[in-house]
1. If you roll a 1.4 Å probe over the chain with all protein chains in place, what percent of the accessible area is carbon or sulfur?
2. Please say if the chain is rounded, prolate or oblate, where rounded means a/c under 1.5 for a ≥ b ≥ c the square roots of the C-alpha gyration tensor eigenvalues, and otherwise the choice is prolate for a/b larger than b/c and oblate otherwise?
3. Report ³J(HN,Hα) in whole Hz for each residue of region 119-125, in order, from the Karplus equation J = 6.51 cos²θ - 1.76 cosθ + 1.60 where θ = phi - 60°; Gly and Pro get x.
4. Which residues' amide hydrogens lie under 5 Å from the amide hydrogen of A134, considering only partners 5 or more residues apart or on another chain, with H built in the peptide plane?
5. Could you do me a favour and compute the accessible area per residue for the chain, 1.4 Å probe, result in Å²?
6. Of L104, T120, F23, whose Cα points farthest to the positive end of the dipole of region 13-140 (charges on the beta-carbon: +1 Lys, Arg; -1 Asp, Glu; origin at the Cα centre)?
7. Grab the beta carbon distance between T97 and D137, set R0 = 45 Å, and tell me the FRET efficiency rounded to 0.05.
8. Checking the a/c ratio against 1.5 first, then a/b against b/c, what shape does the Cα gyration tensor give for region 103-164?
Amino acid sequence: MKVSKEQVAEHRIRILAAAARLFRQRGFDDVTVADVMKDAGLTHGAFYGHFSSKEALIAEAVGQALPSAPDQAKPRRAAMEFADGYLSVKHRDNRPTSCLFSSLGTEAARGSADLRHRMTEAVCRRINHLSVDAEGDGPKEKRRAAIAAWSAMVGAMVLARLVDDDKLSKEILSATRASLPLV
């Protein structure tokens, strides 16, 4: 049975959403193509009509899930407001929709050139976003503070998820939030 162009596009969206969710939950290595296709409600055989390999799926799913360039028509979210949400218990506990950097960063560092390039672009966008509200007298100082803040937030989220002591986990999040060089 022939599938319409609209159905093909809808299937691709479902595959990418399922992949991004499963990769965040379980990592790249612990998710198979069959897992993704089952979660998307499609057959395993349909995968290769959309992607040439699992690596291609990883790069595109991560690329789709990464934050895009800010919409100039919408007000920018203040850096401290972003930090409050990022360094929250809710974010820590919601891995399937959480930040790709804190959930997959170490795995992505060993990923394809395409994957690493997409993540690099997103890191630059986040640094630029945080630079607006970072401490410092000039652009260079603000950028340095934004890099430190973003690095601290991602690292804190990794550590907060890693420890098996909820009190310590919350302390890591709150101490990091209090130390951020953002105004």
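The values are calculated or read from the model by the stated rules, or taken from the named source; none is laboratory data. These numbers come from a predicted model, not from an experiment. Reconstructed Cβ throughout: ideal geometry from the backbone, glycine too, with neighbour counts over all protein chains shown. These accessible areas exclude ligands, DNA and RNA; they are computed on the full protein's heavy atoms, side chains included. Shrake-Rupley method; radii C 1.70, N 1.55, O 1.52, S 1.80 Å.
1. Working: 5730 of 10460 Å².
Roughly 55 percent, rounded to a whole number.
2. Details: a/c = 2.42, a/b = 1.72, b/c = 1.41.
Prolate, since a/c reaches 1.5 and a/b exceeds b/c.
3. My calculation for region 119-125 gives 5, 4, 4, 5, 4, 4, 4 Hz in order.
4. Those lying under 5 Å, H to H, from A134 are V183.
5. Numbers: 10460 Å² over 183 residues.
Counting only protein heavy atoms, the per-residue value for the chain is 57 Å².
6. F23
7. Numbers: r = 37 Å, r/R0 = 0.83.
About 0.75, to the nearest 0.05.
8. oblate
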